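Following: one structure in structure tokens, then a few remarks.
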Amino acid sequence: MWIRLANFMFTSELAAIIATTLTMHIENFKIFSDLVESQSFSRAAKLNGVTQSAVSQQLRAMEKYFNILIVDRSQKQFRLTREGQKLYESSREILHRYDKLISDLQEMKKVISGTIHISTVYSIGLHELPPYIKIFLQEFPSVNVRVEYRRSNLVYEDILQNSVDLGLVAFPVKMRQLEVIPFQEDRLVLICSPQNKLGSMKEVSVETLQGERFIGFDPDIPTRKATDVIFKENKIEIEPVMEFDNIETVKRAVEIDAGVAIVPQTTIQNEIKQGLLCAVNIEGNQLTRPLAIIHRKGRVLTPAMRKFISTLTNTDRSQLE
């Protein structure tokens, strides 16, 4: 009986050692993969909550363990050796299988928990997302939802570098590495101050904007690119008097009658109710802004992530009011 108990204790201890060792290896592969994808020691360190020195030490330890040179240090830019590339590909496969195992086990236990890390542009994060998160957390209170507000190009960067789980963008760009899931469509409207002459109109033509002081988003913002196309199609030359990188600053400038702007209708509901802004429809085809959920292709989605995507895509807007 003592021998059996000792064997049991030994087996349990061995299992714990194996589990600990496996976890350490998984963490090492994760740090290495993040380093390769970001090509930045500081970025990889930040993603994994370790120091930059720890990342460097981990790389050297892997080179010693596998007896290979992983990074070509003769190059100025970060570049893997042939052996390093093979190690990276295998690391990604191991991490994918591990994530799939964890996801499957959670699915079997019907566990909806964990953290969902989201990167999104200001207009969606501040105005579209909050009511959906409220509904989601009411049903799944054990899930923690973290939201980062970023410029559009940085949202894509976050997704491609595996820094976050999901991204929310407007006018989604198709990329080979991305899965794009349609989310909503916003209507674009003209906004102006109540003191502006256009404020009394219910509808205006695009041509009406010729000569108006126009407040635009920065040139690299997707909504700005869309309005530029609209002006070009209608052969209108508009030179913005001001340019900003987020919706809130654009609205503040319009409120003081510094000019007019074209923005998503969902972003101005509070200002309309308070009488700070007027919204005017634009004649012709409805101008819309498509929104989408993006994640890296091949990424394992946890049960919590899948439920969150379902909440975004299947919740009727009438339920959000």
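The values are calculated or read from the model by the stated rules, or taken from the named source; none is laboratory data. Values in this document were obtained by computation on a predicted structure and should not be read as measured data. With ideal geometry, Cβ positions are generated from the backbone for all residues, glycine too; neighbour counts draw on all protein chains shown.
In the range 225-241, the residues that are farther than 14 Å from A261 by Cβ reach residues that are in a helix (DSSP H, G or I) with C-beta atoms within less than 8 angstrom, at least six apart or across chains, in these pairs: N234/V206; N234/E207; I236/V206; I236/E207; I236/L209; E237/F231. Going by what's in this entry, would E179 be described as at pLDDT below 90 and either assigned to a strand (DSSP E or B) or more than 24 Å from H295 (Cα to Cα) (or both)? No; evaluated as a whole, the condition is false for this residue.
Take the residues of the range 173-209 that are of a type in the set (A, V, I, L, M) and touching a Cys at 6+ places or on another chain (Cβ under 8 Å): which is surrounded by the fewest Cβ atoms within 10 Å (Cβ to Cβ)? Out of the qualifying residues, it is L198. Residues that are surrounded by 10 or more Cβ atoms within 10 Å (Cβ to Cβ), of a type in the set (F, W, Y), at pLDDT 85 or above and in a helix (DSSP H, G or I) do not occur anywhere in the range 4-19. Note on the range 20-51: among residues that are over 20 Å from Y65 (Cα atoms) and polar (S, T, N, Q), the one that is modelled with the highest pLDDT is T51. Residues that are exposed (fewer than 15 other Cβ atoms within 10 Å of the Cβ) and of a type in the set (D, E): does the range 280-298 have at least one? Yes, that holds for at least one residue.
Just one of (1) in the same structural domain as L126 (by TED's automatic domain parsing); (2) at pLDDT 95 or above; (3) among the charged types (D, E, K, R) fails for R299. It is (2). Do we find a residue being surrounded by 17 or more Cβ atoms within 10 Å (Cβ to Cβ) and farther than 24 Å from V169 by Cα anywhere in the range 238-251? Yes, the range 238-251 has at least one match. When Q58, Q75, Q52 are screened for being loosely packed, with under 13 Cβ neighbours inside 10 Å and farther than 22 Å from G298 by Cβ, only Q75 passes. Criterion applied to R187, R213 was being closer than 27 Å to A292 by Cα and of a type in the set (K, R), and the one residue passing it is R187.
So which residues in the range 146-160 are in contact (Cβ under 8 Å) with a residue 40 or more places away in the chain and crowded, with 19+ Cβ neighbours inside 10 Å, if there are any at all? Residues satisfying the conditions are S152, V155, Y156, I159.
A count restricted to the range 186-209 and to residues that are closer than 30 Å to P172 by Cα and in contact with a Ser or Thr (Cβ under 7 Å, 6 or more places away or on another chain) stands at 3. Contact map, the range 165-182: first residue without any contact (Cβ under 8 Å) to a residue 60 or more places away in the chain, second residue exposed (fewer than 14 other Cβ atoms within 10 Å of the Cβ) and not in a strand (DSSP E or B), Cβ cut-off under 9 Å, separation 6 or more or different chains; pairs are M175/K297. One residue stands out among those in the range 302-321 that are surrounded by fewer than 17 Cβ atoms within 10 Å (Cβ to Cβ) and among the small types (G, A, S): the one that is modelled with the highest pLDDT, which is S310. If only residues of the range 191-213 that are more than 20 Å from D245 (Cβ to Cβ) and assigned to a strand (DSSP E or B) are counted, the one that is nearest to the chain's Cα centre (by Cα) is C192. The number of residues in the range 184-202 being charged (D, E, K, R) and farther than 30 Å from S310 by Cβ comes to 2. In the set E89, E27, E107, E63, only one residue is among the acidic types (D, E), surrounded by 15 or more Cβ atoms within 10 Å (Cβ to Cβ) and either touching a residue at least 24 places away in the same chain (Cβ under 8 Å) or farther than 20 Å from M305 by Cα (or both); that residue is E63.
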